[in-house]
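Heads up, the thing below is written out as structure tokens.
The values are calculated or read from the model by the stated rules, or taken from the named source; none is laboratory data. Computed from a predicted model, the values in this text were never measured in an experiment. With ideal geometry, Cβ positions are generated from the backbone for all residues, glycine too; neighbour counts draw on all protein chains shown. Heavy atoms of the whole protein, side chains included, go into the accessibility calculation; ligands, DNA and RNA do not. Shrake-Rupley method; radii C 1.70, N 1.55, O 1.52, S 1.80 Å.
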Amino acid sequence: MALKYYHAEPLANSLKSMLPLKEKGLAYESIYVDLHKFEQHSDWFVAINPEGQVPVLDHDGTIITHTTVINEYLEDAFPDAPPLRPRDPVGAARMRYWNKFVDEHVMNHVSMHGWHRLVGVIARNIDDGSFEELLSHIPLPDQRKKWATARSGFSEADLQNASDKIDYALAKVEKQLGETAWLAGDAYTLADINFYSHCGMMVERMFPEKDVAAKYPRLVEWRERVTARPAVAEALKGEDRTAPGLRTWSGDR
């Protein structure tokens, strides 16, 4: 059974579903979608995913989108591969609780700061006519608004609210890691992958003012355990076409 994975650099959403593929040892064809060239809005890609967003999993012609859905699909489609979802109902519920928390209360707030620092720079360097043309090719209305907001700049109030939400998430994770080795219990799961990909991996680089190492030592220790996993190390070696000065998530500020 053939797997194709359409993705950008191994960070955030693209990393989130790349890690289960690596952890499970599943062979797949890697197809890089260059976000700097807006390939996600091109005709060839929108024909695959009408929402114009990465990543996308193609499993023998069946198209699966949205990372949390992709990751659960891999659990169901490949039950003999090493599991990343607990097989007992309580463990699975805990994993899904943390996934819901990251999806709804972490991802978008970190993303806002990333868009403010990275996409805003890109958008402001596009002339007015070309930018309007770019917007016309973005399928999702909310994404069009997000691009327009990034061009003009997110408000300080919105950025501060997002920062406060991230503070809450860091404290919540730190507390949980004082009770269990991993977010959903004693086993590494999709919940750890989700938080790592969207926040835990690069929170110190993006937010040095939060003094993460001093305030959240359990989170830092957890992050080092995740980073040391062979599948994670392999994924992080993946191609990254982001201009060095714009690598908000991956290192350069």
As a percent rounded to 5, the proportion of antiparallel DSSP bridges among beta bridges in the chain is 70
Listed by chain and number, the residues whose amide H is under 5 Å from that of Trp182, excluding neighbours fewer than 5 places away on the same chain and using placed H, are Ala187
The base-10 log of I(q)/I(0) that the Debye equation returns for the chain at q = 0.07, 0.09, 0.10, 0.11 Å⁻¹, one scatterer per C-alpha, is -0.24, -0.40, -0.49, -0.60
With no solvent term and unit scatterers on the alpha-carbon positions of region 17-69, Debye gives log₁₀ I(q)/I(0) at q = 0.14 Å⁻¹ of -0.38
For region 140-210, the Cα gyration tensor yields equivalent-ellipsoid semi-axes (√(5λ), largest first, whole Å) of 29, 15, 10
Hydrodynamic radius by Kirkwood for region 26-175, inverse mean 1/r across distinct Cα pairs, in Å, is 17.9
Ignoring ligands and nucleic acids, Met201 exposes an accessible area, probe 1.4 Å, in Å² to the nearest 10, of 30
In region 43-94, the GluC sites (Glu not before Pro) that sit in a DSSP loop and have at most 16 other Cβ atoms within 10 Å of their own Cβ are Glu51
Once Lys and Arg are counted +1 and Asp and Glu -1 for all other residues with Cβ under 15 Å from that of Tyr32, the total becomes -3
A 1.4 Å probe over the protein heavy atoms gives the chain a carbon and sulfur accessible-area percentage of 53
If every Lys and Arg gets +1 and every Asp and Glu gets -1 at its Cβ, then about the Cα centre region 53-94 yields a dipole, in debye to the nearest 20, of 220
For the chain, averaging the sequence separation of alpha carbon pairs under 8 Å that lie six or more residues apart and dividing by its residue count, the contact order in percent is 26
For region 108-186, the per residue accessible area (1.4 Å probe, Å²) is 51
To the nearest 20 debye, region 1-145 has a Cα-centred charge dipole, built from +1 on Lys and Arg Cβ and -1 on Asp and Glu Cβ, of 580
Among His113, Tyr97, Val69, the residue whose Cα sits farthest towards the positive end of the charge dipole of region 47-140, when +1 is placed on the Cβ of each Lys and Arg and -1 on the Cβ of each Asp and Glu, is Tyr97
Sorting His41, Phe131, Ser17 by the position of each Cα along the dipole of the chain (Lys, Arg +1; Asp, Glu -1; all at Cβ), the one nearest the positive end of that ordering is Ser17
Computed about the Cα centre, the charge dipole of the chain from +1 Lys/Arg and -1 Asp/Glu charges at the Cβ has a magnitude in debye, to the nearest 20, of 540
Going through Lys24/Lys165; Lys24/Lys100; Lys16/Lys37; Lys16/Lys175 one by one, the pairs whose alpha carbons sit over 29 Å apart turn out to be Lys24/Lys165
Charge dipole of the chain built from unit charges on the beta carbon (Lys, Arg +1; Asp, Glu -1), centred at mean Cα; most positive-end Cα among Tyr5, Val212, Ala81 is Val212
Given a 1.4 Å probe, the accessible area of region 1-55 per residue, as a whole number of Å², is 39
